[in-house]
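Read the structure below first, then the notes.
Derivation of every value follows stated rules applied to the coordinates shown; laboratory data play no part. Keep in mind it's a predicted model, so treat the numbers as computed, not measured. Cβ placement follows ideal geometry from the backbone for every residue including glycine, while neighbour counts extend to all protein chains displayed.
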Amino acid sequence: MLFGGLAEKLQDTFQKLKRKGKLTEKDVELALREVRMALLEADVNYRVARDFTAAVKERAIGAEVIKSLTPGQQVIKIVHEELIKLMGETQSKIAPPSPPPQCIMLVGLQGSGKTTSAAKLGLLLRRGGHNPLLVAADIYRPAAIQQLETLGRENGLPVFSLGKERPLQIGLQAMQRASREQNDYVIIDTAGRLHIDTELMDELKGLKEGLKPLEILLVVDAMTGQDAVNVAGTFHQQLGLTGVILTKLDGDTRGGAALSVRAVTGCPIKFSGLGEKMDAFEPFHPDRMASRILGMGDVLSLIEKAQQVVDEEKSRLLEKKLRSQSLTLEDFLEQLQQVRQMGPLDELLGLIPGFNRASKAMKNLSVDEKELLKAEAIVKSMTRQERLQPEIINSSRRRRIARGSGTTVQDVNRLLKQFGEMKKMLKQFSSMDKSRFKKSKGLFPFIR
Amino acid sequence: MLKIFKEGLRRTREALQDRLDQLFSKNEINDDFFADLEEVLISADVGVETSTKIIALLGQRLREAKIKEAQKAREILKELLIALMDGEKDRSLVFAPVPPTVFLVLGVNGVGKTTSIAKLAYHYRQAGKSVLLAAGDTFRAAAIEQLEEWSGRVGAGLIKHQSGGDPSAVVFDAVNAAAARHVDLLLCDTAGRLHTKSNLIEEIKKINRVIGRALPGAPHETLLVLDATTGQNGIAQAKYFQEAVPVSGVILTKLDGTARGGIVVAVKDLTGIPVKLVGIGEKKEDLQVFDPALFVEALLG
Ligand SMILES: Nc1nc2c(ncn2[C@@H]2O[C@H](COP(=O)(O)OP(=O)(O)OP(=O)(O)O)[C@@H](O)[C@H]2O)c(=O)[nH]1
Ligand SMILES: Nc1nc2c(ncn2[C@@H]2O[C@H](COP(=O)(O)OP(=O)(O)O)[C@@H](O)[C@H]2O)c(=O)[nH]1
Ligand SMILES: [Mg+2]
Ligand SMILES: [Mg+2]
């Protein structure tokens, strides 16, 4: 499957709807039900998903979708845009440490990734020219202090610890040491706790009062389910969070918790954790997250790029040809040129969800920019007649085309074969009655 | 838009509890009833697919039995869910006829593997068995120290190598040591690993093979730890780990929070792996045998 779940479903839904003629508000509602399902499958909280689709509906039932040639794409675009809007601009900045030292507290549930993130954030800040101090304030979990000390040692970051002293004492003394040693940021690794554990939540409130932190960042596991709203809501309500770190995004979770957390706290998600290694830490990208939640890789950028270069009128013509299976090498050339305008091929394919998995599954699958250029040269060396009726290309014509395009006869043979296969494949697609969304990409021949 | 959400969500949390109470106190079963039930199940992380299945099944049962009152529907739903979770199943862990018995514990990062091992060790120490722990997480900083501290607290032996060592070599040594020392139970800790990382999945396969080679028939239990806060990704975790090594049961941790752990319903439904134990806190005593009836009761609010 080239395109991800939701895109696929929406195409199907609208294809069915379109057959009956005019699209109505009801139809859009039906499509939004698919959107809601996709959000739920991505772990977006039930209520958040419902409120979100309701908010999107208004925009979607506007003329934008109903009149569109490509309602499926339009809905995805709108949903995606609204998701990005909701998730906020890129705000991966930590407030400046003035006057130094300033304190950053990392808080969250057990096992969410606080200690790892403390070290990662420390490294990131140091790379930005700062001089952070890590503070081991998890006095409960066995070997939690050693864990932070080890990470500090391995990465050349100073770590302050006082054994099982009260966390506030640890924090206060760490601030003193930071003043002496000119550490500008003091990153406090706190123990994991449940948001309903009043005693431990009070401990955090005490830390907040005593240390007056610049930032309190909630560390959230991207695999979190529906409960994310309760967790984030309570932490925010009790501590007043300034931001969120979303961890374990290196897995295959769709990460709908991001939307829930954002919706319930309004805090920016500042960083993503993308692995157990220290450099696997990046600014958060709302747009990528939106696509991921929708289960579509970066299909949106693909749609946008395609829309930029693909002339609607021409596309319609092409679609017709595809349907009647009268696709010629001439159309093929045009497709080639359009694809090339969209950017480097590898990048494009990288945008297609599931492609990485697909390429693993199909051995020898590779994409070659050079192949694309070659194909273009070959088609250009054909006469118009040949492009329209490839059947007439006999061996002497093949030799001529090869010479003309600076390629070999084998190259020409391969291209003709690929073209034949593409036609076959398109035939299957159109008999499945899928929309032109899929077909017009014309990417197939370059995937070997 | 954000403001609306925030307001909406505050209401959400308050409202959900009311809705749950209302759901089953309503007299009549109608579309609202099923819509509310969907919300209850999905909010507990049961997931769209399994929730839909459950609702359809319930609808069918209600029609067959011509039941129209919500109160009765609740009972039917409970029965149905308990049956789905294998209510009658014997959940005792498998022990080898001749010691040592070996349990392998695995799961993604931070779910509670090490703590669950400590809890298991404590439980069996209380029951008078000798227990050995294998420090198979050689990757995470201070993971060995963490297990070492637990081994002291619960009175279990420990086999460890250096940090960064080969985990298969650790468990190999541990199995041999367990046999030589006539230990009753060996518990193997492993590093947290995402099911999507093929090298780490290969590693766990190797660990499993090495255990089997050192002691035919072992591991006697391969326990997958799932965190109750986990959402739909839990399904992928169960599927991929199951594909790599035969998982014999799930330990569902962190049920002491507000997450209801409905993901194990989907996991049971879609992979057949039964839940055997639940974690209900961070202390060594906080481990219980999974009780389907209690779980279902809590799941429905
Ligand atoms: N794959 C992956 N693992 C991560 C990431 N961040 C943290 N981890 C792992 O998740 C586990 C828990 O991380 P910790 O940093 O110990 O989490 P914590 O919140 O400090 O945990 P407690 O102190 O036990 O509450 C460890 O195994 C980490 O290696 C990430 O972005 N990706
Ligand atoms: N509240 C709660 N916390 C738990 C439970 N089980 C483990 N934890 C905590 O979760 C965190 C990660 O546990 P750990 O055993 O280190 O996980 P591992 O990385 O899978 O080995 C630790 O802080 C544990 O104390 C549980 O049942 N309830
Ligand atoms: Mg920690
Ligand atoms: Mg561990």
Residue-ordered couplings for region A:156-170, obtained by feeding phi - 60° into the Karplus form 6.51 cos²θ - 1.76 cosθ + 1.60 and rounding to whole Hz (Gly and Pro as x), are x, 10, x, 10, 9, 9, 9, x, 9, 4, 4, x, 5, 4, 4
So, relative contact order of region A:102-296 in percent, Cα under 8 Å, 6 or more apart, is 24 percent
Label point at A:TYR140 placed 7 Å out along Cα→Cβ; residues across region B:213-227 whose backbone nitrogen lies under 19 Å: B:227
For chain B, find the longest principal axis of its Cα atoms and tell me its angle to the long axis of helix B:233-244, 0 to 90°, nearest 10. 40 degrees
Can you work out the FRET efficiency for the pair A:ASP279 and A:GLU181, with r the C-beta to C-beta distance and R0 = 25 Å, to the nearest 0.05? 0.50
With the dipole of chain B defined by +1 on each Lys or Arg Cβ and -1 on each Asp or Glu Cβ, the option from B:ILE42, B:THR258, B:ALA191 whose Cα lies farthest towards the positive pole is B:ALA191
Chain B: relative contact order from alpha carbon pairs under 8 Å, six or more residues apart, as a whole percent, is 23 percent
Which of the pairs A:LYS57/A:LYS93; B:LYS205/B:LYS254; A:LYS248/A:LYS277 have their Cα atoms more than 22 Å apart in this structure? A:LYS57/A:LYS93; B:LYS205/B:LYS254
Inter-label distance, nm, simple model (7 Å from Cα along the C-beta direction), A:LYS417/B:LYS205: 3.2 nm
If you find the alpha carbon centre of region B:220-289 and of region B:49-84, how far apart are they in angstrom? 24 Å
Amide H contacts under 5 Å for A:VAL186, placed H, 5+ residues apart: A:GLN102, A:CYS103, A:ILE104, A:LEU133
